[in-house]
1. Any idea how many residues of region 84-101 are under 12 Å from K59 (Cα atoms) and in contact (Cβ under 8 Å) with a residue 24 or more places away in the chain?
2. Provide a single number: the residues in region 50-68 that are touching a residue at least 40 places away in the same chain (Cβ under 8 Å) and surrounded by 13 or more Cβ atoms within 10 Å (Cβ to Cβ).
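No value in this document is a laboratory result; all are computed from the given coordinates. The model shown is predicted, which means the values in this text are computed figures rather than measured ones. Using ideal geometry, Cβ is built from the backbone for each residue, glycine included, and neighbour counts are taken over all protein chains shown.
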Amino acid sequence: MPWQGDQFEYTRGYIRFLLETFFERQEEVRRVSRDPFRSSAMPYYDMLRALDEIALTQKQWEALYLRLCGYSSFEASASLGITDRAYRYRIRNAENIIVTFLLKNLPQNAPHGGK
């Protein structure tokens with residue numbers, strides 16, 4: 001787990017987990033607006049911020065949206081009318097942009113708990 005006490009480190013695997021569980025964890029995402037400094041809400045707050053500020057191509061947004069909705073790679077690629085390989089390429093590029101944004105704009109291992 002990337003949590004270390006009150007410190008946090010974003011990893012590619014954890015970014016994937018956040019993307020895969022984003023809509024499943026709607027209650028946690030809603031808590032962000034009430035208390036973004038709760039340790040369990042902070043990663044979703046950071047993800048919302050990243051999704052709001054990153055620049056993706058239309059094709060990357062489409063692929064990412066299907067992933068956020070819980071589509072499998074096979075279902076998403078069929079829905080978009082592309083190969084599974086092309087879908088995974090779009091997702092990987094979108095993940096790279098998100099990871100770059102988070103690592104650039106958030107201090108690595110910064111405490112997320114106080115004001």
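1. Number of matching residues: 5.
2. Filtering region 50-68 down to residues touching a residue at least 40 places away in the same chain (Cβ under 8 Å) leaves 50-51, 53-56, 64, 67-68.
Then drop every residue that is not surrounded by 13 or more Cβ atoms within 10 Å (Cβ to Cβ), which leaves 50-51, 54, 56, 64, 67-68.
Counting residues in region 50-68 that are touching a residue at least 40 places away in the same chain (Cβ under 8 Å) and surrounded by 13 or more Cβ atoms within 10 Å (Cβ to Cβ) gives 7.
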